[in-house]
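The values are calculated or read from the model by the stated rules, or taken from the named source; none is laboratory data. No experiment lies behind these values; they were computed from the predicted model shown. Don't worry about glycine lacking a Cβ; one is built from the backbone with ideal geometry, like all the others, and counts go over all protein chains shown. What goes into the accessible areas is simple: the full protein's heavy atoms, side chains included, and nothing from ligands, DNA or RNA. Shrake-Rupley method; radii C 1.70, N 1.55, O 1.52, S 1.80 Å.
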Amino acid sequence: DTTTRELIGFHSTTNPTRLWLENVIRGLFMLRDDIPRFLVSDRDGIFGDWLSEFLDECYGVRLYRTPPQTPNCNAFAERMVLSFRSEVLDHRIIFGTSDLMRLLTDYGAYYNERRCHQSLGHEAPKARFNVLKQTKVHRYRKKRFVEGLYVDYELAA
């Protein structure tokens, strides 16, 4: 769907290798019913010539590389990283890889399901809740996300 964008995964390592990246891609695509038609990558050394062949041969996915030193060519990814840094990392101390992965996973779910995106008419990419018309007074309950950094309200049962 060209009108939305979904964050499909976060992964982190201090030593990225080709094997690590292949396993990340296999894991992400194994869990999905709809494999993307294309991926966009920058020109980081880990994304060598092998990656294009691997994606095409194994999954039929076309790889597009951004020109050197042009972060605006992958603006959605750059903006998501900036959002994560400013909305989460500036407010939390990370104690290790497992702590980082938990925050990344929580933020990814929040980003896709609850976070308002201006370019999507202030909707989340995967809005799973419906806005109800108010005809009477309702009770609400507070719901916290990403270790309480975000708060939302929903109708109480």
| said: Could you report the chain's accessible area per residue, 1.4 Å probe, as an integer in Å²? | reply: 72 Å²
| Residue with peak Gaussian network fluctuation, the chain [Cα springs, cutoff 10 Å], from R43, R139, R79 | R139
| task | Using only Cα atoms, tell me the angle between helix 18-30 and the longest principal axis of the chain; keep it within 0 to 90° and round to the nearest 10. | result | 50 degrees
| said: Could you work out [θ]222 nm for the chain from helices alone, using -39500 (n - 2.57) per DSSP H run of at least four and dividing by all its residues? Round to the nearest 500 deg cm²/dmol. | reply: -11000 deg cm²/dmol
| L63 to L120: extension gain in nm, 0.36 nm per residue of separation minus the Cα-Cα distance? | 18.0 nm
| request: For every other residue with a beta carbon closer than 12 angstrom to the beta carbon of D99, add +1 if it is Lys or Arg and -1 if Asp or Glu, then tell me the sum. | output: 0
| query | Using a 1.4 Å probe on the protein chains only, how many percent of the accessible area of the stretch 45-132 belongs to carbon and sulfur? | reply | 52 percent
| note | Answer check: the chain, Cα atoms, Kirkwood Rh, Rg/Rh ratio of 1.01
| C-alpha long axis of helix 49-59 to longest principal axis of the chain, angle in ° | 60 degrees
| Angle between the chain longest axis and helix 97-113 axis [Cα atoms, degrees, rounded to 10] | 60 degrees
